[in-house]
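One structure is given here, and the rest of the page talks about it.
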Amino acid sequence: MKLAPLAAALCVLVATPSFAASVAKREVRQQQRIARGVRSGQLTRAEAVSLERQEARLHRQIQRDRVDGGRFTLSERAKAQARQDRMSAKIYRQKHDGQVRK
């Protein structure tokens, strides 16, 4: 897995206000959960690739929201948190679906 582009983008987020920092921290934790799932064999390669793509898409959506107005509105913050909640649930489901790496 190539995490360098995502890691670089996350570094940019860390330097922004507190909400963006919490978003970045959550993205990092979700990336770590995916990586641990791959290492433990709980995630197949296809599942990991799919989750990585979805995580990257979520990151781009949050970046677009941030650029639009310069900072998050309350509704954008709620949407970003809801998206991250859904992503977290997807990671959980994939890790616990009984498929194992061969």
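Say we look at the stretch 34-62 and pick out the residues that are surrounded by fewer than 18 Cβ atoms within 10 Å (Cβ to Cβ) and of a type in the set (D, E, K, R); which of these is farthest from Lys95 (Cα to Cα)?
Step by step, filter the stretch 34-62, then rank; the result is Arg60.
Just checking, how many residues over the stretch 49-102 are among the polar types (S, T, N, Q) and not in a helix (DSSP H, G or I)?
Within the stretch 49-102, residues that are among the polar types (S, T, N, Q) and not in a helix (DSSP H, G or I) number 2.
Under 6 Å between Cβ atoms, which residue pairs at least 6 apart in sequence (or on different chains) link something in the stretch 43-55 that is without any contact (Cβ under 8 Å) to a residue 12 or more places away in the chain and under 13 Å from Met87 (Cα atoms) with a partner that is of a type outside the set (Ser, Thr, Tyr) and surrounded by fewer than 18 Cβ atoms within 10 Å (Cβ to Cβ)?
none
Restrict the check to the stretch 5-26 and report whether at least one residue is in a loop (DSSP other than H, G, I, E, B) and at pLDDT 90 or above.
No, the stretch 5-26 contains no residue that is in a loop (DSSP other than H, G, I, E, B) and at pLDDT 90 or above.
The values are calculated or read from the model by the stated rules, or taken from the named source; none is laboratory data. On a predicted model such as this, the values are computed, not experimentally measured, just so you know. Methodologically, a virtual Cβ is constructed for each residue, glycine included, from the backbone with ideal geometry; neighbour enumeration extends over all protein chains shown.
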